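Take a look at the structure set out below.
The values are calculated or read from the model by the stated rules, or taken from the named source; none is laboratory data. Keep in mind it's a predicted model, so treat the numbers as computed, not measured. Note that we place each Cβ from the backbone using ideal geometry, even for glycine, and neighbour counts take in every protein chain shown. These area figures cover heavy atoms from the full protein model, side chains too; ligands, DNA and RNA do not enter into them. Shrake-Rupley method; radii C 1.70, N 1.55, O 1.52, S 1.80 Å.
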Amino acid sequence: MVLLRKIKAIIRKLRNKLPNELYEPSPEWKRLQDYLQKSQRIIDLGCGANPHPRAIVGVDAFLAPVQRSLGYGQWIDIKNFKKRRIEFILANLTNLPFRDKSFDFAYAHHVFEHLDDPVGACKEMCRIARAGVIITPSIFAELAFGRPYHRWMVAARGQTIIFIEKTKAEDRPFGEHPIPKPGGGYRVTHETNPFDILLNEGNWYHGREKMPRLSRLLRRYWYSHSPVMEVIFLWENDFNCVVVHRDGRINYERIQ
């Protein structure tokens, strides 16, 4: 009995450990950290309420949760930005009020999949910064965990980033995001996406686990920033942008 209690205590400690402490970061994520460490003037594009800690400027198009697609989330607290010595700018990412090459590095974390005009945002990003990163869900992650407010599936090869407009069949094929509860956590219905239950980010789901191996794999890929789950597109000076529209049109732009 004593041994069993000790084993249960160890399991509880492992469950309480932060997921990103359990998995080795991908080479792409490590390269990004190197860029962020050596850059002095960093701008966070689409920062929301939690800008990157090394950013000196954060930009977002919305202040209030009601302005966002789902109508919830955190308010952007400008006073908190000032305490952290980060300037907040309310602006659209296709029309940024900064001079050319004002920043060493432009950081955009899970923003571009939302945008109506990703090419325009790419041009502005490249105009105001010497280098940067565009981080989005991978195509697999978009299909498995897709959200109704994501317009694009994203892929990258070399110095080319590709935006593919989602079709109706590609929009949430496995079901809906769990419904948030007022007191925290989520409510599961018959329409809930099973991948969200398997990933169980934040350990909100306390039902019986049916597929432990798949759950472990999803969490490993998710928290290690693996290319299976995430596109980490690093660029310097210039890059290529391809947009594939729902109707089959393809646009190519050299961003510089």
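Some notes on this structure:
- Solvent exposure ordering (accessible area, 1.4 Å, most first) of 57, 242: 242, 57
- Among 155-167, 80-92, 109-121, sorting by the average number of other beta carbon atoms lying within 10 angstrom of each residue, highest first, gives 109-121, 155-167, 80-92.
- Split the accessible area of region 114-208 by element, probe 1.4 Å, and carbon with sulfur accounts for 53%.
- Given the alternatives [x] -0.41, -0.61, -0.84; [y] -0.45, -0.68, -0.94; [z] -0.54, -0.75, -0.96, log10 I(q)/I(0) by the Debye sum over Cα atoms at q = 0.09, 0.11, 0.13 Å⁻¹ as computed for this entry is given by [y].
- Top of 96, 199, 22 by mean-square fluctuation, Gaussian network on the chain, Cα under 10 Å: 22
- Across 179, 78, 43, mean-square fluctuation computed from a Gaussian network of the chain (C-alpha pairs under 10 Å connected) peaks at 179.
- Length-normalised contact order for the chain - Cα pairs under 8 Å, 6+ apart - percent: 18 percent
- Computed over the chain with a Gaussian network model linking Cα atoms closer than 10 Å, the most mobile of 100, 171, 196 is 100.
- In this structure, the residue pairs whose Cα-Cα separation is over 27 Å, taken from 181/210; 38/166; 79/166, are 38/166; 79/166.
- Highest average packing first - 233-239, 202-208, 131-137, Cβ atoms within 10 Å: 131-137, 233-239, 202-208
- Normalised per residue, the accessible area of the chain is 59 Å², obtained with a 1.4 Å probe and no contribution from ligands, DNA or RNA.
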